[in-house]
Each structure stands twice: as structure tokens, then as C-alpha cells.
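Worksheet: one structure, shown below.
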Amino acid sequence: MEEERSRWLEIGMTAGYSYATKRGEADRLRLGRIARAHSAAEVKANVAQNEITQIEAPRPTSFWSGFAHGVGRYLFEQAQLPIEAPVEI
């Protein structure tokens, strides 16, 4: 049972990261709402309706939680500066 939850969490994280990568910076506001969502319903409500909302996961809470975390990971990575980035003073 716990293994199945973990598996759906991981599937959701991969799907969320992929979704965010496709949407990119042009949809940053919506991606931020997904990453900050507090429920599976809130995550789904912020996903573009023509996208992944049709997935029927046996563990929807795990999937959508993972999805939000995957989107959050994408946003976090986009916020990082390259090490060689010059510092302006």
C-alpha cells in the first residue's frame, strides 16, 4: 500500500515537471499556483484543462501532490543562477 502511494507520488512528480517544462516561463503564474496548492482539487483546478487532468490515478492524492512537487522543482531550478553569473554591485 505504501509502495503504491510512493509510486504514484513519483509518477506525479515526473508528470508535473514535464508539464512545467512544456508550459515554461510564459505560464509562471499558473505554475506558481500549482506549486502552492493545498489539495489535489486545487492542483487540478490550476492545470490547463486540455492537459493532464484526464489521468485517473488509483492514488489521486499521491499523484497530484507529486505533480505539484514536480512543478515546484521546475520553478526552483529556474530560479537558480549559474555559478559563473556575474554579480552586479
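The values are calculated or read from the model by the stated rules, or taken from the named source; none is laboratory data. Quick caveat, the model's predicted, so the values are computed rather than measured. So basically every Cβ, Gly included, is an ideal-geometry build from the backbone, and we count neighbours across all protein chains shown.
Some notes on this structure:
- Count - residues of segment 44-78 that are surrounded by fewer than 17 Cβ atoms within 10 Å (Cβ to Cβ), among the basic types (Lys, Arg) and within 15 Å of ARG5 (Cα to Cα): 0
- Segment 1-28 - residue that is loosely packed, with under 11 Cβ neighbours inside 10 Å and among the aliphatic types (A, V, I, L, M) and, of those, modelled with the highest pLDDT: ALA26
- Residue pairs whose Cβ atoms lie under 6 Å apart, separated by 6 or more positions or on different chains, with the first residue in segment 55-67 and touching a residue at least 40 places away in the same chain (Cβ under 8 Å) and the second surrounded by fewer than 17 Cβ atoms within 10 Å (Cβ to Cβ) and basic (Lys, Arg), are ARG59/ARG5; SER62/ARG5.
- Residue selected from segment 29-43 under the condition surrounded by 13 or more Cβ atoms within 10 Å (Cβ to Cβ) and over 11 Å from the mean Cα position of the chain (by Cα), by the criterion farthest from PRO58 (Cα to Cα): GLU42
- Candidate set: segment 21-42, residues that are of a type in the set (Gly, Ala, Ser) and part of a helix (DSSP H, G or I); chosen: the one nearest to HIS69 (Cα to Cα): ALA35
- Residue in segment 43-61 that is modelled with the highest pLDDT, counting only those that are in a loop (DSSP other than H, G, I, E, B) and within 15 Å of LEU9 (Cα to Cα): ARG59
- Close pairs from segment 2-20: first touching a residue at least 24 places away in the same chain (Cβ under 8 Å) and in a helix (DSSP H, G or I), partner of a type in the set (Ser, Thr, Tyr) and buried (at least 16 other Cβ atoms within 10 Å of the Cβ), Cβ under 6 Å, at least 6 apart: ARG5/SER62; TRP8/SER62; LEU9/SER62; TYR17/TYR74; ALA20/TYR74
- Of the residues making up segment 1-28, those that are closer than 17 Å to PHE76 by Cβ and among the acidic types (Asp, Glu) are GLU25, ASP27.
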